[in-house]
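As structure tokens, the structure follows; a few thoughts come after it.
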Amino acid sequence: MRNQIRVGLVGYGEIGSTLGEGLRANGLVEVLSYDNGAFDGPYAALIQQRAAAAGVTLVDSPAALVARVDIILGVTPGSSSIASATAFAPHLTKGKIYADVASATPKVKQAVEKILAGTGALLADASIMGTPKDGLALPILSSGPAARAVAEALTPWGMRIDPVEGPLGTASGIKIMRSVLIKGIEALLDEMLLGARYYGLADTVMASAAKTLQKPLDELAAGMITTGVIHAKRRAEEVAMAAEALADAGVEPLVTRGTEARLRWVESLDLKTHFEGKVPEDLETALKAIEQKSK
């Protein structure tokens, strides 16, 4: 049996409206939202339209939201996390749950925790690991004191929340470090495909890259980094040529130049001498050597 709870969403943009619509469609009766642009701003009409269609009630202040809900989910951009916490701090009380779901660094989430520490509210950090295309079931990690409480309250209503061990900020740390790779791949794909299209090689290049990337990530990382500490110089030179080819195609090689710089940095550590020209036996050995040499 599901217990009806009252949920408040801070922000009613793409994520907020996805959650609001999904929760209401799954039978949650009271879903409210406070968005500082809901009644005055360029997107006010869109926010009001989305909320009305979903049956989500819009309120005009943090105080009004806190007074009418049990769980508050902050779904603003990460740049607004501290401002949101500051706005809600005077109104939160014991018995309320506040979970910041914004994409932000652990440092930001810990700052939120400090701002709200004296309110008596139970706090959690959460990070979205999917996209709005996943709908209400987009995967979310939660951490901090209220991590399990948030999951237990909202999972029965169709949300997919997995608590992880660790202090508040742990979930965001996982998300942000993962973004180094995932968003980096997106940016590299932009450069690779725009360049490959110029040379008429898009399909062939995609197929070749897919063969390399089909390996499990841990195996791929081990293979690249253990050999990279020995061959960084050669690989940096290859990437420099790739950047030149992109520039010839009219594509500014922003990320590719960054890749070259990172490989030049690895080369500067002289790990080839450290390992006497032999590929280290495993990923951990290679990473420890990089850490030690870079101090």
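The values are calculated or read from the model by the stated rules, or taken from the named source; none is laboratory data. None of these values were measured; they are calculated from a predicted model. Here the Cβ positions follow ideal geometry from the backbone for every residue, glycine too, while neighbour counts run over all protein chains shown. The accessibility values were calculated without ligands, DNA or RNA, using every heavy atom of the protein model including side chains. Shrake-Rupley method; radii C 1.70, N 1.55, O 1.52, S 1.80 Å.
Structure summary
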item: Residues of the range 245-295 satisfying the condition of being open to solvent by 70 Å² or more (accessible area, probe 1.4 Å), closer than 16 Å to residue 188 by Cβ and not aliphatic (A, V, I, L, M); result: 252, 257, 262
item: Single residue of the range 172-222 satisfying the filter (surrounded by 12 or more Cβ atoms within 10 Å (Cβ to Cβ) and acidic (Asp, Glu)) that is farthest from residue 266 (Cα to Cα); result: 190
item: Selection within the range 129-158 - touching a Leu at 6+ places or on another chain (Cβ under 6 Å), among the hydrophobic types (A, V, I, L, M, F, W, C) and touching a residue at least 60 places away in the same chain (Cβ under 8 Å); result: 157
item: Matching residues in the range 223-244 - criterion: being open to solvent by 30 Å² or more (accessible area, probe 1.4 Å), small (Gly, Ala, Ser) and under 17 Å from residue 192 (Cα atoms); result: 242
item: Filter pass, residue 77 being out of contact with any Leu (no Cβ under 9 Å at 6 or more places or on another chain) and at pLDDT below 95; result: yes
item: Residue within the range 200-218 that is more than 30 Å from residue 248 (Cα to Cα) and part of a loop (DSSP other than H, G, I, E, B) present; result: yes
item: Output for the range 153-168, where each listed residue is assigned to a helix (DSSP H, G or I) and open to solvent by less than 20 Å² (accessible area, probe 1.4 Å); result: 154, 157
item: Selection from the range 105-144 of residues that are in a strand (DSSP E or B) and surrounded by fewer than 19 Cβ atoms within 10 Å (Cβ to Cβ); result: 139
item: Pairs, first among the hydroxyl-bearing types (Ser, Thr, Tyr) in the range 52-80, second buried (at least 19 other Cβ atoms within 10 Å of the Cβ) and modelled with pLDDT of 95 or more, C-beta under 7 Å, six or more apart; result: 57/32; 61/34; 76/10; 76/11; 76/84
item: Unique match (being of a type outside the set (Ser, Thr, Tyr), under 25 Å from the mean Cα position of the chain (by Cα) and assigned to a strand (DSSP E or B)) among 47, 72; result: 72
item: The range 128-171: number of residues that are hydroxyl-bearing (Ser, Thr, Tyr) and modelled with pLDDT under 95; result: 1
item: The range 179-196 residues that are farther than 23 Å from residue 249 by Cα, paired with ones that are of a type outside the set (A, V, I, L, M) and at pLDDT below 95 (beta carbon under 8 Å, 6 or more apart); result: 179/103
item: All positions within the range 8-31 that are open to solvent by 30 Å² or more (accessible area, probe 1.4 Å) and part of a strand (DSSP E or B); result: 30
item: Hits in the range 249-295 (condition: among the β-branched types (Val, Ile, Thr), assigned to a helix (DSSP H, G or I) and more than 28 Å from the chain's Cα centre (by Cα)); result: 273, 285
item: Residue count, the range 191-225 (criterion: among the hydroxyl-bearing types (Ser, Thr, Tyr) and either touching a Phe, Trp or Tyr at 6+ places or on another chain (Cβ under 6 Å) or on the phi > 0 side of the Ramachandran plot (or both)); result: 0
item: Residue 2 vs. criteria surrounded by fewer than 24 Cβ atoms within 10 Å (Cβ to Cβ), touching a helix residue (DSSP H, G or I) at 6+ places or on another chain (Cβ under 8 Å) and closer than 22 Å to residue 126 by Cβ; result: yes
